[in-house]
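Structure first, then comments.
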Amino acid sequence: MKLKEILEKFGTVDGSFLIENLLGLSKTEIFFNHKMDVPKEVEIKINEIYEKYLDDYPINYLIGKKNFYGRDFYLEEGVLIPRFETEILIEKILKLGIEFKRILDIGCGSGIISLTLALEIPSSTVLGIDISTKALSVSNKNKDDLKVKNCRFKYSNLFESIEAESFDLIVSNPPYINAKDMEELDNKVKKEPELALFGGEDGLYFYREIIKKSHNYLNENGYIAFEIGYNQGQPVKELLSFNGYKDITLIKDYNRFDRCVIARSMI
Ligand code: GLN
């Protein structure tokens, strides 16, 4: 099997991702070596991967890796695949220029938000929580791989297991897909856990729950920052202003859809 055949089978993007990871070649090396033969054992592995790929398994699960904010994160089936759009949330939080001391990440998944903030704000202490034990084990592996000291992960159903702790920033990319959109998910997305995607009938369940209880865990003038769905800007903004938040800022993604919201507690 030649590199060219892999690129044809998987398409250029997924094909080169696969080659880069299985053969350690760079994009440029791939470009100039289309006719190169791959070793037999790699060919066998690629054929195994291809069977699952045809069954709509996302390439990131098959390789077990996804890059986020310039770092590689370990990944496995059962946790959400980090999305590029979530980097916007990180960027906007960092742009506030505040050295948050204590940060809570609700629904940490693979740990991308918790660990990225911990690394970008070294003076902070981050707690990432999740209801999924699979998510917690993946997060902990990423913490070890990235050698992050100022972050820990803990099992908690939303705030349930958080005792007498308060934070300067609560951040979350909660499940936010509504019942109707869940029915129209792409086959690849259907391979991701429903637990990480489904946000209740109207997709707003977790924003309601988090915002309602957030003041018990947020320090005076603390910040809250969410990733949101393309049509959730207005309803989440209303929830925030109704629940005592000010300076509510909606942020759009590169497709001009509302993607994040950041606000400050008045309480
Ligand atoms: N925080 C993780 C992420 O942004 C997981 C989010 C989730 O599972 N909904 O990828």
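How many percent of Cα pairs in the chain exceed 30 Å? All intermediate terms of the calculation are to be shown ahead of the outcome.
Details: 11706 of 35511 pairs.
In whole percent, the share of Cα-Cα pairs in the chain beyond 30 Å is 33.
When the chain is fully extended, how far beyond the present Cα-Cα distance does Tyr254 get from Ile98, taking 0.36 nm per residue of separation?
53.7 nm
Contour minus end-to-end for Lys65 and Glu48, with contour as 0.36 nm per residue of separation and end-to-end as the Cα-Cα distance?
Working: separation 17, 0.36 × 17 = 6.12 nm, distance 1.72 nm.
So the chain would gain 4.4 nm between Lys65 and Glu48.
Give the calculated FRET efficiency between Lys141 and Glu238 to the nearest 0.05, with a Förster radius of 41 Å applied to their Cβ-Cβ distance. Could the numbers behind the result be given before it?
On the way: r = 39 Å, r/R0 = 0.94.
It comes out at approximately 0.60.
Could you work out how far helix 3-23 tilts from the main Cα principal axis of the chain, as a 0 to 90 degree angle to the nearest 10?
The angle comes out near 70 degrees.
What nm distance separates the two modelled labels at Tyr205 and Asp247, each placed 7 Å from Cα along Cα→Cβ?
It is 3.3 nm.
Can you tell me the length gained on complete extension of the stretch Lys212 to Tyr155, counting 0.36 nm per residue apart and subtracting the Cα distance?
Working: separation 57, 0.36 × 57 = 20.52 nm, distance 2.04 nm.
That works out to 18.5 nm of additional length.
What FRET efficiency do you get for Lys190 and Glu20 if R0 is 25 Å and r is their Cβ-Cβ distance, rounded to the nearest 0.05? Please list the in-between numbers first.
Values: r = 26 Å, r/R0 = 1.05.
Computed FRET efficiency for Lys190 and Glu20: 0.45.
For region 52-122, list log₁₀ I(q)/I(0) at each q in 0.13, 0.21, 0.23 Å⁻¹, using the Debye formula over Cα point scatterers of equal strength and ignoring solvent, two decimals each.
Log-scaled intensity ratios, in q order: -0.42, -0.91, -1.04.
In degrees from 0 to 90, rounded to the nearest 10, what is the angle of the helix 205-214 Cα long axis to the longest principal axis of the chain?
50 degrees
Say the cut-off is 21 Å between C-alpha atoms; which of Lys134/Lys154; Lys65/Lys143; Lys66/Lys180; Lys213/Lys246 go over it? Could you put the intermediate results ahead of the total?
Details: Lys134/Lys154 12 Å; Lys65/Lys143 14 Å; Lys66/Lys180 28 Å; Lys213/Lys246 16 Å.
Violating the 21 Å limit, Cα to Cα: Lys66/Lys180.
Divide by every residue of the chain the summed helix terms, -39500 (n - 2.57) for each DSSP H run of at least 4, and state the resulting mean residue ellipticity at 222 nm, rounded to the nearest 500 deg cm²/dmol. It would help to have the intermediate numbers written out before the result.
Values: 10 runs with 103 residues, N = 267.
Taken over the chain, the calculation gives -11500 deg cm²/dmol.
Using a Cα-Cα cut-off of under 15 Å, which aspartates and glutamates could be cross-linked to Lys147, ignoring same-chain neighbours fewer than 8 residues away?
Correct list for Lys147: Asp72, Glu120.
None of the figures in this text is laboratory data; all of them are computed from the coordinates on show. Remember, predicted model here, so these are calculated numbers, not experimental data. Here Cβ is always computed from backbone atoms with ideal geometry, including for glycine, and neighbour counts include all displayed protein chains.
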